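First up is the structure itself, then whatever we jot down about it.
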Amino acid sequence: MDIYDHPTFRMACQQFDLVADHLEIPESERARIKYPKRSLTVALPIHCDDGTVRVFSGYRVQHHLTLGPTKGGLRYHPEVMLGEVAALAMWMSWKCALTGLPYGGAKGGIACDPTKLSINELERLTRRYTQEMIPFIGPQVDVMAPDLGTNEQVMAWMMDTYSVYAGYTVPSIVTGKPVGLGGSLGRREATGRGVGYLVNRASDTIGLDMSKTTCVVQGFGNVGSVAALSLARYGAKVIAVSDVNGGIHNANGLDLWALEKFVAANKTVAGFPASEPITNEAMLLLPCDILVPAAMERQITEKNAARIQCRILAEAANGPTTPEADVILNQRPEIFVLPDVLCNAGGVVVSYFEWVQDLQSFFWGETEVVDKLFRILETAYTQILTLSRKQKLPMRMAALTLGIKRVQEAKKIRGLFP
Ligand code: NAD
């Protein structure tokens, strides 16, 4: 599958191969489970505000359709490539399977810098992408959601474009929409809230008192900012956060509520009063109890894995730790890893709730959403921890084993047509 060749795709394949060996999946079944079912690459021409026409590249990868429609985010970032999107789609498959959702994984992206586009250009780009995707998506085929660089507004434009094409309103085509358009209460907070819940459970597991913990969060976007607030509500002191412009540090703790206001006004954490600047690289090495990478892939590598100084590594981002770093972390039992496929699963779980609510046109209150979210995360956490202890597997191996095994079994039971 050379078309997907990319460091992140190689990383996802390496993880799969390890689990396939552990599960003793026959060679004849491996490629069918591992490689994406299908993908679409599109050229997206749009009129720019200065009168020129620019063409962007857009992608969508659907990893498997064995258990239902595919589900996964849409990413706007300058470095988005087909192989990266394919890796993210693969991880979505394992994540949906380990939480018991009736989905395969998918991911999409547009190679662009959303911060350098005007709101009108962003809208034109989003609508053109959605229009190009129409033959490939649908509420029973593939359902998108926000990811890095996209938000509720992007989902609203997608939903509107698809609905105009259909001739009637189709809220279930995307999740992570504004609540006023059929979005679910609690979806925006779901990923970060899930991170908080799982870190609290992990603290119980290793005997940490949350009220005495310190915490570092890389990336202060949708996931990172809500995770930081959620951890603070559990009693943790957040001492450093960052974004693409750099980080801020205060050993006595950052005032997160003031920081939220600062970021709303300045669009960055950099320059926040009552803090010292710190680089993203140095921040990952700060002594702390809870380290939360919530930005990009491949941040914890063989270069820094031996030097991170935390008790819990809570992977809010997708793929923040490379397989080489995993080898090092596996020799550091003092660090408890909450692997990405579990740690950030809160987002897709509440996306699933949103899709169910849209299909039934019957909406739930926030307490019901949060209660159901925590139940699903609790079950997944307990199953993964039990498997990890029983088979002496690192938490990532246990989580991937659970997810991949479920996909393998489903494919086996369905059989191979013709
Ligand atoms: P976002 O765009 O809202 O926020 C991303 C944040 O990371 C921003 O603060 C940005 O400035 C920062 N950032 C970008 N590049 C960086 C770099 N090189 N170093 C430091 N910071 C950097 O995106 P998000 O939705 O919060 O997604 C963050 C991560 O969480 C991604 O890996 C995404 O795939 C994953 N995730 C998101 C969701 C969701 O519901 N949005 C669900 C599951 C997983």
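Its residue count N fixes a reference of 2.2 N^0.38 Å for segment 129-271, and the Cα radius of gyration divided by that reference is 1.27. Segment 95-131 and segment 344-365 have Cα centres separated by 18 Å. Figure legend: label point modelled 7 angstrom from the Cα of THR301 along Cα→Cβ; no residues of segment 78-107 have amide N under 13 Å from it.
Pairs from the table (LYS34/LYS107; LYS392/LYS412; LYS95/LYS411) lying more than 22 angstrom apart at Cα are LYS392/LYS412.
The calculated 222 nm mean residue ellipticity attributable to helices in the chain amounts to -14500 deg cm²/dmol, summing -39500 (n - 2.57) over DSSP H runs of n ≥ 4 and dividing by all residues.
The three principal axes of the C-alpha atoms in segment 339-418 carry coordinate ranges of 41, 40, 16 Å, sorted with the longest axis first.
Regarding segment 1-68, what is the average projected area of its C-alpha convex hull, in nm²? Don't skip to the answer; put the middle values down first.
Details: hull surface 27.0 nm².
Taking the Cα atoms of segment 1-68, their convex hull projects to 6.7 nm² on average.
Put one equal scatterer on each alpha carbon of the chain, apply the Debye formula with no solvent term, and list log10 I(q)/I(0) at q = 0.06, 0.07, 0.12 1/Å to two decimals. Normalising to I(0) and taking log10 leaves -0.22, -0.31, -0.95. Counting Cα-Cα pairs of segment 247-404 in 5 Å increments starting at 0 gives whole-percent bin shares of 2, 8, 14, 17, 15, 15, 14, 10, 5, 1, 0.
Distances between every pair of Cα atoms in segment 32-85, grouped in 10 Å steps from 0 to the bin holding the largest one, split as 20, 43, 25, 10, 3 percent.
In this structure, the amide hydrogen of HIS77, modeled 1.01 Å from its nitrogen in the peptide plane, lies closer than 5 angstrom to those of ILE110, CYS112, counting only residues at least 5 positions away or on a different chain.
Can you tell me how segment 65-182 classifies by the Cα gyration tensor, rounded, prolate or oblate, using a/c under 1.5 as the rounded cut? It is oblate, given that a/c is not under 1.5 and a/b is not larger than b/c. For ARG38, the residues whose modelled amide H falls within less than 5 Å of its own, excluding neighbours fewer than 5 places apart on the same chain, are GLN62.
When both bridge partners sit in segment 213-326, DSSP labels roughly 35% of those beta bridges antiparallel. Listed by chain and number, the lysines placed with their C-alpha closer than 21 angstrom to that of LYS212 are LYS237; residues fewer than eight positions away on the same chain are left out. Contact order, relative form, for the chain: 16 percent (alpha carbon pairs under 8 Å, 6 or more residues apart, mean separation divided by residue count). Each residue of segment 85-92 was assigned a 3J(HN,Hα) from its phi angle through the Karplus expression (A = 6.51, B = -1.76, C = 1.60, θ = phi - 60°), giving 4, 5, 5, 5, 5, 4, 4, 4 Hz with x at Gly and Pro.
Read-outs throughout are calculated quantities, based only on the coordinates presented, and are distinct from any laboratory measurement. Because the structure is a prediction, the values reported are computed rather than measured. Please note: Cβ atoms are built from the backbone with ideal geometry, for glycine as well, and neighbour counts cover all protein chains shown.
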